Amino acid sequence: MLTDEIQYLVNRYFSDSCTFAEKEKLAQWIDKASSDDEIKKALEEAWHSHEPVINMPEDMAERIVSSLFQPVEKELTTAPPIILTPIRRIRFIRRSWWAAAVFILLVGAGGYFFFSSKKQQNIADAKKVLQYDAPPGQNGAVLTLVDGSKVTLDSKGNQQIADQGNVQVSNQNGQLAYTSGGKGEEQVSYNILSTPRARQYQLVLPDGTKVWLNASSSIHYPTAFTGNSRVVEITGEAYFEVVHNEAKPFIVKTGEILIKDIGTAFNVNAYNDEPSIKTTLIEGLVRLSAGKTGRLLKPGLQGVVKNGANEIVLEKVNIAEVIGWKNGVTVFDNEDIQTIMRQVSRWYDVDVVIEGNISDRHFVGGISRKSNLSDLLKILEFENVHFVTDGKKIIVKP
């Protein structure tokens, strides 16, 4: 029978007010619940009063949730580390909100990390404490104005930055915004917003389109959209929520790749050190073009263009993994150590060197982007991956 106390704890968790002890009690209750229906009911009643934070394709739900319920679990918080008892697998998964609810409950604010290892190791076998640690990244960017001057931005306070023609540029609590003065014809100039390693930022373009910029990324855009289209150029990774205008399509350029909005939200990963450019559609519709090749993307699909090629390959993906960074969570869905360490390098501002053959190590799970570098590396070591620090250089060994 579902008690008022458990329902209260679940509601507190979804409102992000659950304490460490309360989250521990929730985890223990899930382990001891008499049926999956009992767990589902508790989460469903709380979920109906909250907006979903992470959407997940329905065909991924059972595989993701299954991977989460593995015997090696640990919560990464400022509280002393504890070992949670193994949590059994959920047998019945159908609706995407249910998978998302479980995922948020176990991974979101609490910072849990799960592994799909063939060799389970006890936390007591932890390796030596790393000599170098790094705090997580934070909000911050550099704005380059049309005259070449640069303005450093952060999330503190509000400030009027510049007037460019008939457009006012302001920084409002960690978000850069452009507002038309409404007087006469708008003069077009171009700005660049860039984030170094260990920084991310948000931008509202002149048409109201929202952009989230991940670490080591940049976007080149006009201060006013005139003409028959709205064109921006990016490097690195960005998430877009586009204000649709059928008469003036929104186009993202990255190298030779064009992404044309047809009313949508999508993520573009175009880092120079990645083997391909990936465009992932969250909702709506986009047309992806590479050379003479063009494909339409539907929600849950990712268009992959390998570097130096014009072929577009469509794949179904785990949306939670793709946009986890934007939602404050780093998510791995059977990801290899090389890909993980490239993300580590960008978010923690460290250099990574991989020695030896460890390409067979894959990970499933997630961790809060507010966690320190040592929290992530210590847990990765449970997969027989070892780290040696040399200043800000992290050496990865089998």
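Where a number appears in this text, it was derived from the coordinates with a stated rule and is not lab data. What you are looking at is a predicted structure, and each value in this text was computed from that prediction instead of being measured. Backbone-built Cβ (ideal geometry, glycine too); neighbour counts: all protein chains shown.
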*If you place +1 on the Cβ of every Lys and Arg and -1 on the Cβ of every Asp and Glu, how big does the dipole about the Cα centre of the range 323-397 come out, in debye to the nearest 20?*
320
*Which length gain, in nm to one decimal place, applies between D273 and K370 when the Cα-Cα distance is subtracted from 0.36 nm times their residue separation?*
32.5 nm
*Averaging sequence separations of C-alpha pairs under 8 Å and six or more residues apart, then dividing by the length of the range 280-398, give the relative contact order as a whole percent.*
18
*Lys and Arg at +1, Asp and Glu at -1: add these up for the other residues within a Cβ distance under 11 Å of K248 and post the number.*
-2
*Too long at a 25 Å Cα-Cα cut-off: which of K292/K316; K156/K260; K253/K326?*
K156/K260
*What order do you get for D273, D207 when you list them from fewest to most C-beta neighbours inside 10 Å?*
D273, D207
*Select from the range 275-373 those GluC sites (Glu not before Pro) which occupy a DSSP coil region and have at most 14 other Cβ atoms within 10 Å, ordered by residue number.*
E311, E355
